[in-house]
1. Give the order of Ser264, Ser183, Ser472 when sorted by the count of other beta carbons within 10 angstrom, beginning with the fewest.
2. Can you tell me the FRET efficiency between Asp448 and Ser378 if r is taken as the Cβ-Cβ distance and R0 is 35 Å, rounded to the nearest 0.05?
3. When only Cα pairs under 8 Å and 6 or more residues apart are kept, what is the percent relative contact order across segment 102-221?
4. Averaging sequence separations of C-alpha pairs under 8 Å and six or more residues apart, then dividing by the length of the chain, give the relative contact order as a whole percent.
5. At 0.36 nm per residue, minus the direct Cα-Cα distance, what do Glu167 and Tyr404 gain on full extension? Give it in nm, one decimal, please.
6. For a Förster distance of 35 Å, can you work out the FRET efficiency between the beta-carbons of Ser279 and Glu438, rounded to the nearest 0.05?
7. Run the helix sum for the chain: -39,500 (n - 2.57) per DSSP H stretch of 4+ residues, divided by residue count, reported at 222 nm to the nearest 500 deg cm²/dmol.
8. Inverting the mean 1/r over all pairs of different Cα atoms, compute the Kirkwood radius of the chain and quote it in Å.
Amino acid sequence: MKNLSLPFLALILLFVACKSEKKQAATTENNLKKAIPYREGKLWGLADENANILVKPQYTFISLSYGETNTNPNLFAVFEKGKWGVIDEKGKVVLPIQFWRVDIYPNFVLAGDTSDDKIALYNTKGNLLLPAIYDNIDYVKPFDEKWRNLLLLHQKGKVGIYDISQEKTILPCNYELTSISVSNADAEVFTLVQNGKAAFFDTKGKQVSDFKYLEYGSGSIMSEGYAKVQCENGLWGVVDKNGKEVVPCQYKNMGTSVCNSIISFEGKNGKWGYLNVSSGKEIVKPEYDRARDFSSGFGEVEKNRKVGFVDITGKVVVPLEYDGALNTQQGICFMNKKGNWFPIRLSENRPINNEIYAGGNFDFKAEFATVSCKNENSLMQGLINTKGEVVVPCRPSDFGFIIYPQNAILQENEKSFVVFSLPDGKELIKATKQPQIEKDFMLIAQNDKYMLTDLKANKILEINAPYVTFASGYLLVSNKEPDTDDLIPRIDDSGNLVAPPLEKRYIPDVEAVRGLMNINGKKFWKD
C-alpha cells in the first residue's frame, strides 16, 4: 500500500480516465472530462485537459487520483491546514478534511484520524465500512485484477480478509500475520495460519482444508494448482487447490514448488528424485545428491559435485559433467566448467554461442540476458539474446542492465546511464540519472534538465527542472528530487520503532511541486 500523504508519493499514482459505457451517458456527463490537479499561485484546484477550471483553486494541495479506477466520478485527496480529505472531480466533498492520512484505491479509500495512526475503510462514496482500528489494509494480491475484491486486514499482529465487492468481512482477524501466501492466483486459493497450523481457503472465504499442516516460511506456495505441505508427522506431501492430498505426506523433504506437474523429493535414503504430482508416480528414483525445481521442462540434478539436467520423463539430457548451473529460463541455462561460464540450450546439450564468460546476471526471463566478460582490469557487462548473438558488446559497468521490452538501460556508474534499443542494441542516449520508461515514452535526465522522448530517444519535449517524473499519463514537475527517508517509520539499532509525529509524517512538500504538464508541454499550473 502506498502512502498518499508522504511527499511526492501521492503524486506518482497512475490515472486512467473513466469511460461511460453509453455515448448518451457520456454526453450528459459532459464527456466525462478528465479532471487534473491544477495549481494557481499557492492554491490547488481541478482543471480539464485544456486547463479550463473545473474546481476553483482553493486547497493547499491536491494529489492525483488513483489509476485503474473505473468508478465515476474520480476521487482526489486534498490537503488543507495539516489535514487530508477527499473530493470528487466536480469538487463534491466525499470525506471531510479531518484526517492525518488518506489513501485512494480503485474501489476503496483508507483514512486515519486517530492518534495511534490506525486506519479506517471507506467505499468510494465516502461511506464508512470499517472503523479506524486497523494497523494496515491492503490487497491480498495487489497486481492481479481477479483478486482486487479481497483486502487483507492487519490488526494487533493478526490478519483477516475483507471482500470489498460485498462490503463485508469474510474472515475475521484471527490468523497469524506472516501466514498469507498467494503465488498461483489462478488456483483461487490462499493459505492462512492459526496456532502454527496452515489451512487453505478459497476466495469466498470458504475453508477447503483442515488446519493440520505445519506452517513454514510464509505459508504453503501454490503453483499450477498444487502446493507442497508438511504434516504433523514431519513428512511432506502435496495437496491440490481443493485441499485434497494428491501425494500423501511420506517424503523427508520436497522442492519449493510444482512445475510441469513435477516436484523434487528427498527419499528415505537421503537422495533426491522427482515425482509427477498428478499421477503420484516417481519419474526419477531418489539417486541424486540434489534435485532442483523444474523450469522450462528441465530439472537440474547433482551427484558427486557435478551437475546436469533431466527432462520431464526422467531422462538425462545434459550429462553430469559441469561444476555449476544458473537460472534455467526458456530452455537455456548458464553452465560452469572450471570457472568459465557459457549458455547452453538444454534440449540440444550444446552452447548457444562460442563465448566464454566470467559470470553475470544470467537470466533469460526476457529475450535477453546480461553477461560479464573476462577482463582483468574492470567488470565488463554486455547483453546477448536467446540465439547467443551479442546485442550490446561488453563495456565497463558495476551494475549491469535493466531490461524493458523495447529498451535496455546500462548503469555504468552512479551518475552515468546508457539507453539502448532492442532488439538491435543500438546506443540511443546517455543520462545522469536512471531513465524512466513508461509505455511509449522515456524521461531522460541530464543534470538539471529533463527530456521527454519516444522509445527511440527522439526528443519530444525539454523541461528545465531538478526533478520530473511520470504521473498518471502526465509529467510531474518539481523544484527538487523527493527524499522521504526521514519521514518513514523505521526500526533503530536497539529494535525500537522510530516514527516522526503524525503532523510531520503526512505533510506534503508543497513548495517543491510546480505542477503537472502533458506530453505536448501544456502546463497545469500558473505562477
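1. Ascending Cβ contact count within 10 Å gives the list Ser183, Ser472, Ser264.
2. The value I calculate is 0.75.
3. Relative contact order, segment 102-221: 13 percent.
4. Working: 1328 pairs, mean separation 43.7, N = 527.
Result for the chain is 8 percent.
5. 81.5 nm
6. 0.15
7. My calculation for the chain gives -500 deg cm²/dmol from helical runs alone.
8. 26.6
Each reported figure results from applying straightforward, stated rules to the coordinates on display, with no laboratory input. A quick note: this is a predicted structure, and the numbers were derived from the prediction, not measured. Please note: Cβ atoms are built from the backbone with ideal geometry, for glycine as well, and neighbour counts cover all protein chains shown.
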